Amino acid sequence: MEILTPAEENYLKTIFKLTESDGGKAASTNAIAAVLGTAAASVTDMLKRLSAKGLLHYEKHRGASLTERGNELATNLVRRHRLWETFLVMKLGFSWDAVHDIAEQLEHVQSSELVERLDAFLDRPKFDPHGDPIPDTKGRMASRKQVQLSALAVGEKAVVVGVQESQASFLQYLDRVQISLGAALQVLEQFDYDGSMRVAVQGKDEYTFSQKVCENLYVQKTK
């Protein structure tokens, strides 16, 4: 079994997420650097190191993609992270904006028995507190029909099932406007000028959300 540093694991997880969100395309050096907040030159050095370990394919100017083994390790890391986030919210009462950094530390615990017991203790959840799918022991993730709130037409109703961004500031903003997973929304008006929307939340309070907010909320349409 490969012994990786937390930094190496973070690179694998970052590449996994970037390729997943971009339809499987290789992750560029600049994109990785932006996510990790590091210099592009440092990213290049790490990509070469992980490539030498057989965990990713890297070509200069073409970016990086995970090998089968690299993808397996990254998937397990994502599984641990999302299970810990679920545990922290469901069992310890943390708010959804406060768990990411703690889970970042816990995800590097390697015990497979601990992760299996944690999964069973939580009754094998399919999604974490931010609506992201949790890989099972074989790396499979549940799927569902979801769209961005910005894709809804005026009059359509939906429930919130996830967020594209999980920065604490964004989640705290959602708390202030009474939006959490399962919140019922209805689009009342859409403004062509800037793409913002006037939305009813839980059938009562109305808010005007920017296009950025609407694009960062995943919803499922309801009748």
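Laboratory data are not the source of any read-out in this text; all were calculated from the coordinates shown. Treat the numbers as computed from the prediction; the structure is a model and nothing was measured. Neighbour counts run over all protein chains shown; Cβ positions are idealised from the backbone, glycine included.
Residues of segment 6-31 that are part of a helix (DSSP H, G or I), within 19 Å of E72 (Cα to Cα), without any contact (Cβ under 8 Å) to a residue 60 or more places away in the chain and aliphatic (A, V, I, L, M): A7, I15, L18. Report yes if T38 is within 27 Å of D101 (Cβ to Cβ) and part of a loop (DSSP other than H, G, I, E, B), otherwise no. Spelling it out, T38 is indeed within 27 Å of D101 (Cβ to Cβ) and part of a loop (DSSP other than H, G, I, E, B). Of the strands (runs of 3 or more DSSP E) that lie entirely inside segment 126-223, those containing 2 or more residues that are touching a strand residue (DSSP E or B) at 6+ places or on another chain (Cβ under 9 Å) and more than 30 Å from K91 (Cα to Cα) span 184-190, 197-201, 205-209. So, of the residues in segment 129-179 that are hydroxyl-bearing (S, T, Y) and surrounded by 13 or more Cβ atoms within 10 Å (Cβ to Cβ), which turns out to be farthest from R79 (Cα to Cα)? So, considering only residues that are hydroxyl-bearing (S, T, Y) and surrounded by 13 or more Cβ atoms within 10 Å (Cβ to Cβ), the one farthest from R79 (Cα to Cα) is S150. Only one entry in R69, R49 is farther than 27 Å from A142 by Cα and surrounded by fewer than 18 Cβ atoms within 10 Å (Cβ to Cβ), namely R49.
For segment 111-123, a residue qualifies if it is part of a loop (DSSP other than H, G, I, E, B) and surrounded by 13 or more Cβ atoms within 10 Å (Cβ to Cβ), and exactly one does: L122. Working only within segment 66-95, note down all residues that are free of Cβ contacts under 8 Å to residues at least 12 places away in the same chain, over 18 Å from L114 (Cα atoms) and not charged (D, E, K, R). Within segment 66-95, G93, F94 meet the criteria. Taking segment 79-110 as the range and being among the small types (G, A, S) and farther than 16 Å from Q167 by Cα as the test, only G93 passes. Just so you know, in segment 194-223 the residues that are polar (S, T, N, Q) and out of contact with any Cys (no Cβ under 9 Å at 6 or more places or on another chain) include one that is farthest from Q146 (Cα to Cα), and it is T208. Exactly one condition in (1) out of contact with any Pro (no Cβ under 7 Å at 6 or more places or on another chain); (2) more than 18 Å from K212 (Cβ to Cβ); (3) among the polar types (S, T, N, Q) is not met by S166; state its number. Status for S166: all satisfied but (2).
Contact annotation: residue pairs with Cβ atoms under 7 Å, 6 or more positions apart or on different chains, pairing a residue in segment 96-115 that is of a type outside the set (S, T, N, Q) with a partner that is outside any helix (DSSP H, G or I), are W96/P129; W96/H130; V99/P129; H100/S166.
What residue, of L47, L88, L92, is closer than 23 Å to P135 by Cβ and not in a loop (DSSP other than H, G, I, E, B)?
L88
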